[in-house]
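Take a look at the structure below.
The values are calculated or read from the model by the stated rules, or taken from the named source; none is laboratory data. The model shown is predicted, which means the values in this text are computed figures rather than measured ones. Here the Cβ positions follow ideal geometry from the backbone for every residue, glycine too, while neighbour counts run over all protein chains shown.
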């Protein structure tokens, strides 16, 4: 059965032209939309770079922005073709919810990683105490932070545990105060001991003059008179000054015949009289 010229014209008018135009418009929407998405993604990257946002965060956010906008363009193009996008959007939303619930802990670490990168409570090279672990920060990623401990162990800590707890950054300030306590015997000369302690601090060039170091009697303990010694140093010199000062104080006390007492107990025995 041959189609008449009139039937062919009707097919062209009713199907070919409308669907062809819809396909053409959908293709135009996709091409122009994709170009707009790429341009907007580049603009987003440029703005974040000017704001000195971390490169990891720039790549991640720009990737999310690009994917979401491109998905919107695809849905718009399919709608132009006559596809029912309502059920498609609902399906995508349900799938996103399911993925979000299954990756709840990962999303928490991701959110914490974004906050750490944006607000910068610490940076690479800082010595920190986070989630009960002390070490040098080697790498900060979206999901985890890598630390190197003092005994050269590598620790990978989830960002969620870091941001949800107290963060102590020992490298945040240029200077730190070294807190030490030294005890002398009750028979020793307090003024002489204080002079010796000040002299030990004076001889160490790493100890800052401003603020001036503090040496003062802090406690009359059971077995000793305790001095609190608090010099200020550059943060990088903290531990070397801490260890050296203990050694130098012991040597100086020995030279000055000042004792460093140890805890002791006097026991008195009473002899029971025979009745």
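Points to keep in mind about this one:
- Residues in region 191-222 that are part of a helix (DSSP H, G or I) and more than 15 Å from residue 233 (Cβ to Cβ): 191, 192, 193, 194, 195, 196, 197, 198, 199.
- The one condition in (1) within 42 Å of the chain's Cα centre (by Cα); (2) touching a residue at least 60 places away in the same chain (Cβ under 8 Å) that residue 260 fails to fulfil: (1)
- Contact map, region 129-149: first residue in the same structural domain as residue 57 (by TED's automatic domain parsing) and within 19 Å of residue 172 (Cβ to Cβ), second residue assigned to a loop (DSSP other than H, G, I, E, B) and modelled with pLDDT under 90, Cβ cut-off under 6 Å, separation 6 or more or different chains; the map is empty.
- Scope region 48-60; condition in a helix (DSSP H, G or I) and loosely packed, with under 12 Cβ neighbours inside 10 Å; matching residues: 49, 50, 55
- Against the criterion of being free of Cβ contacts under 8 Å to residues at least 60 places away in the same chain, surrounded by 13 or more Cβ atoms within 10 Å (Cβ to Cβ) and not in a loop (DSSP other than H, G, I, E, B), residue 45 qualifies.
- Matching entry among 188, 199, 204 (being under 24 Å from residue 219 (Cβ atoms), in the same structural domain as residue 221 (by TED's automatic domain parsing) and surrounded by fewer than 18 Cβ atoms within 10 Å (Cβ to Cβ)): 199
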